[in-house]
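J.: Questions regarding the structure given below will be posed in turn.
Since every read-out is calculated from the coordinates, none of them should be taken as a lab result. Just so you know, these numbers come straight off a predicted model, no measurement behind them. Using ideal geometry, Cβ is built from the backbone for each residue, glycine included, and neighbour counts are taken over all protein chains shown.
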Amino acid sequence: MIQRKSSLFLLLLWAFTLTLGAQHRTTVTLSDGWKFKKGETKDAHTVGIKDDGWQTVSVPHDWAISGPFILDGNGSTGKLPWQDQAWYRRELAIPATAVGQRMYLVFDGVMAFPKVYVNGKLAGEWDYGYNSFSVDITDFVTPGGKNVLAVHADTRNFDSRWYPGAGIYRKVELLTVAPVHVDIWGTYVTTPIVKPHYVDVRVSTKVNNFAAERANVTVMHEILSDGGQVVAKGSFGKWINAGQQSTLESTLTVTDPVRWDVDHPYLYRLVTRVQQDGEIVDEYITNFGVRTIRFDPDHGFYLNDRRVQLRGVNLHHDHGPLGAAFYPRAMERQLEIMKSMGVNAIRNSHNTAAPELLEMCDRMGLLFFNEAFDKYDAKAAILEDTDFETFAQRNVHNFVVRDRNHPSVFLWSVGNEIPDVQNNDNNGFQRLHTMVNYVRKYDPTRPVTLANDQLGNAARRHFDYYDVHSWNYGRRYRLARQMEPNKSVIISESASTLSTRGFYEFPLPEDKTAFTKSLQVSSYDLNAPWWAEIADDDFMWQQEEPYIAGEFVWTGFDYLGEPTPYDNTTVKEMGFTDEAAARSSYFGIVDLVGIPKDRYYLYKSYWLPEENMIHILPHWNWPERVGENVPVFVYTNGDEAELFLNGKSQGRRSKQPKSENSVDRFRLMWNDVVYDSGELKVVAYKAGRKIGEQTLKTAGKATKLRLTPDRTRIHANGQDLSYVLIEALDAEGNLAPLAMDEINLSLMGTGSIAGVGNGNPQSFAPFQSHEVELFYGKAMIILKSGQEPGKMTLKASADKLEAATAVIGTE
Ligand code: GAL
């Protein structure tokens, strides 16, 4: 970051205002009042330019998600118009009382190469579009006067393997502090000694003195329990010279500490107050947890000395119809859905995450595999004249220093599948060493890894540079593990199973890569690309090899871009044009709008064995297959089940825990069922005892719509969301699994429709619309609150279907 030198004049002003008395920090989130314009605009950074005609937007903002889709465009990046440049402008309200204070802008993600201008002057810039960065704007503003912020975002030189989004897609904050203050991300809390009856909490606090004179500073810490009681306190004083930064270390002891754990995510709160000459000038909050982590070479991962198998998923950063724009509720909902399936760990494939994601993981008891870069970023985020060493230092610094107090973070990853780093081409190992060393410099308390894919190059021993073997797919970890058995293994990407929600094809595929010209993938969960596997294989390998700490499934949610197996190259090989390439992935366990695919229940049946469940697939509406074979699969935590079709037993099947064919271990399958309409019934057993039964009926004609909001009361803060599931039902209330009706939406009241979608990777209908098409009976409408309390009334109607209404309160 380019730091501008302060002028003598401002130094004098600070000295003057110090005598007026300082205030605590204030943080203002800059969400509303932005003006936006895409493309080249001359003088857009200047104060005087007229922006009244520009579009008014709020941040988070992703300029490309409104489309329109580029039908013959590149499916790998979502066929959306993200590659461009644009300007954002807004006024900054800086009161006259801010004279003498220090002001920073903190950006959590601008795609990409942001340049930040204040009152016409370049105040700072960054390169990597996924990282948080800050800009000290003190010397550029006029407290009490008019202050104009202009941000340029430029994705023209950026490239990606998926949809990256575009613009100021995460929050921006204006931070105002006294001249003596805790630095940005300025506390570092570690727990060097964790015993059952006490924990030593070491707090290292970076304090800046931007005052004109040296300051007598005392840092006072209080540790609060989750109920708000002070459980430890301490203080430490020091003189800090003018213009200097100083790190103050303290160790506090908490007796009988409560551990942070996946099933008990207990958080302590550290309140840090900075006193200067007897007056409190700053207060800074840090949440942290007390837990121990370690990898055992032969037994995987231990949290608080208890072995925990990592049941993880990979999540890309987009939120389907909302694009890359980060709304906390969209993220929280993703995590809730993943947790309900048994997930206990998240990998942010493959780039620095929104900071709120880590806070949620802390709060919800999810372990976090924190990754900085993908193989592409080396190309995409570094301009030709950028030196790698400086790029790595700045980006690893912000990545680690921002996130190192989160108890959820158990591992740092310096990258995913970076080919030349794995191969030691172009000084690859030196770059690996550089990145790993920077991570260790900023946080020596956690292990570091690199996620690998190139099996053979393990022979070069890149793993000597880091702590844990992480390998993607196909038991590729074996060579590395054989060469270095003193390191545990993580399957950093497992499965890559492919499917389209609600879609089934016959006969069952003979081979995992048997894809058809339907441009969809059958939901029997038997398909994967050549490099990958089905879910059951990874379950089996982990059962057999206890040194594997766990897996991270590719992926929890479908995401925009990377539409394997229907990317542009493959569809052309199949004889189609570019228009046949899809715009989003088929990898997700749930679809792009968060509706579970069948696979969700397969994972749940294995990951949450205590929770009784029975899921039957496919749907039972096959009028054209009467008298023909329709295989029936059942995913259950039971070990045995009997299937009945219209009351007639189709046989009892049991799981085969020793089978070499992984599907026989984890699924119950009746491959020879002859279809007739009517009722399928499954009675499931566990250890001989009945655990429940489930029926699935052939649905009649769709007659009505149903709306089911995930939340009926949301906050009137302009950012909160309610996800409303829309389904078509027959007269008896069965889901109509073939309904593809076009739905019209109308919304009245205190909010707006933020997005619509249906999980069809081949849909090019706009995400921002008052219409949505059902896809195999279902679709999703995302409602966003405004600033006003009140209510929103959503009405959904379609030709020949009874309409439905949902009411959401905003408060
Ligand atoms: C991996 C890669 C992921 C994704 C995945 C699809 O090799 O790390 O980003 O591309 O393949 O299977």
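J.: Defining a contact as two alpha carbons under 8 Å apart and six or more residues distant in sequence, what relative contact order in percent does the stretch 159-311 show? All intermediate terms of the calculation are to be shown ahead of the outcome.
T.: Working: 316 pairs, mean separation 31.9, N = 153.
Once normalised by length, the contact order is 21 percent.
J.: Could you list which residues have their amide H under 5 Å from that of ARG711, counting only those 5 or more apart in sequence or on another chain, with H placed in the peptide plane?
T.: Residues meeting the criterion, in which the H sits 1.01 Å from N, are TYR723.
J.: While we're on this one: State to the nearest 20 debye the size of the charge dipole of the chain about its Cα centre, where the only charges are +1 on K and R beta carbons and -1 on D and E beta carbons.
T.: Details: 85 positive and 101 negative charges, 278 e Å.
Charge dipole of the chain: 1340 debye, to the nearest 20.
J.: Also, quick follow-up: May I ask you to compute the full-extension gain from LEU479 to SER659, defined as 0.36 nm times their residue separation minus their alpha-carbon distance, rounded to one decimal in nm?
T.: On the way: separation 180, 0.36 × 180 = 64.80 nm, distance 2.46 nm.
Between LEU479 and SER659, full extension yields 62.3 nm more.
J.: Over the alpha-carbon set of the chain, divide Rg by the Kirkwood Rh and report the Rg/Rh ratio to two decimals.
T.: Working: Rg = 27.7 Å, Rh = 28.3 Å.
For the chain, the value is 0.98.
J.: Using the Cα centre of the stretch 556-630 as origin and beta-carbon charges of +1 (Lys, Arg) and -1 (Asp, Glu), tell me which of PHE557, ASN568, LEU608 is placed farthest towards the positive end of the dipole.
T.: LEU608
J.: Using the Cα centre of the chain as origin and beta-carbon charges of +1 (Lys, Arg) and -1 (Asp, Glu), tell me which of ASN646, MET364, ALA532 is placed farthest towards the positive end of the dipole.
T.: MET364
J.: How big is the Cα convex hull of the stretch 617-745 in projection, averaged over all directions, in nm²? The partial results should precede the final answer.
T.: Working: hull surface 47.4 nm².
If I average the Cα hull's projected area over directions, I get 11.9 nm².
J.: Would you mind getting me the FRET efficiency between THR793 and ALA765? Use the beta-carbon distance for r and R0 = 35 Å, nearest 0.05. Working shown, then result.
T.: On the way: r = 23 Å, r/R0 = 0.67.
Plugging the Cβ-Cβ distance into 1/(1 + (r/R0)^6) gives 0.90.
J.: Karplus couplings for the stretch 28-34 from phi (6.51 cos²θ - 1.76 cosθ + 1.60, θ = phi - 60°), rounded to Hz, Gly and Pro as x?
T.: Using θ = phi - 60°, the values come out as 10, 7, 8, 9, 9, x, 8 Hz.
J.: Using just the Cα positions, wrap the stretch 45-148 in a convex hull and report its mean projected area in square nanometres, one decimal place.
T.: Here the figure is 7.7 nm², rounded to one decimal.
J.: Additional query: Using a simple spin-label model with points 7 Å from Cα along the Cα→Cβ vector, what separation in nm is obtained for SER518 and ASN216?
T.: Roughly 7.9 nm, to one decimal.
J.: For ARG713 and THR255, FRET efficiency with R0 = 45 Å and r from the beta-carbon atoms, rounded to 0.05? Please report the intermediate quantities before stating the final value.
T.: Details: r = 40 Å, r/R0 = 0.90.
Plugging the Cβ-Cβ distance into 1/(1 + (r/R0)^6) gives 0.65.
J.: Another question, then. Round to the nearest 10 and give me the degree value, 0 to 90, for the angle of helix 598-607's Cα axis relative to the longest principal axis of the chain.
T.: Result, in degrees: 70.
J.: Can you compute the helix-only [θ] at 222 nm over the chain? Use -39500 (n - 2.57) per DSSP H run of at least 4 residues, normalise by all residues, nearest 500 deg cm²/dmol.
T.: Details: 12 runs with 112 residues, N = 811.
Only helices count here, giving -4000 deg cm²/dmol.
J.: Go ahead and run the numbers for FRET between THR569 and SER204, Cβ-Cβ distance against an R0 of 56 Å, rounding to 0.05. Don't jump to the answer; show the numbers that get you there.
T.: Values: r = 51 Å, r/R0 = 0.90.
The formula returns an efficiency of 0.65 here.
J.: Here is the link list: LYS121/LYS441; LYS604/LYS658; LYS655/LYS681; LYS37/LYS784; LYS648/LYS701. Which ones come out longer than 28 Å on Cα distance? Numbers along the way, then the final one.
T.: Working: LYS121/LYS441 34 Å; LYS604/LYS658 20 Å; LYS655/LYS681 18 Å; LYS37/LYS784 23 Å; LYS648/LYS701 25 Å.
Distance filter (> 28 Å) returns LYS121/LYS441.
J.: Given the peptides 689-701, 84-96, 318-330, arrange them by the average over their residues of other C-beta atoms within 10 Å, most packed first.
T.: Output ranking for 689-701, 84-96, 318-330: 318-330, 84-96, 689-701.
J.: Could you work out how far the C-alpha centroid of the stretch 663-734 sits from that of the stretch 94-145, in angstrom?
T.: 50 Å
J.: Could you check what % of the DSSP bridge pairs in the chain are antiparallel, to the nearest 5?
T.: So the antiparallel bridges amount to about 80 percent of the total.
J.: How far, in degrees from 0 to 90, does helix 535-544 lean away from the longest principal axis of the Cα atoms of the chain, to the nearest 10?
T.: 80 degrees
J.: Calculate how steeply helix 328-340 sits against the longest principal axis of the alpha-carbon atoms of the chain, using the helix alpha-carbon long axis, and give the answer as 0 to 90 degrees to the nearest 10.
T.: Tilt of helix 328-340: around 40 degrees.
J.: Which Cα, out of PRO257, ASN671, PRO789, lies furthest along the positive dipole direction of the chain (beta carbon charges, K/R +1, D/E -1)?
T.: About the Cα centre, the residue reaching furthest to the positive side is PRO257.
J.: Please list the radius of gyration and Dmax for the stretch 320-413, considering alpha-carbon atoms only, with Å as the unit.
T.: 14.6, 47
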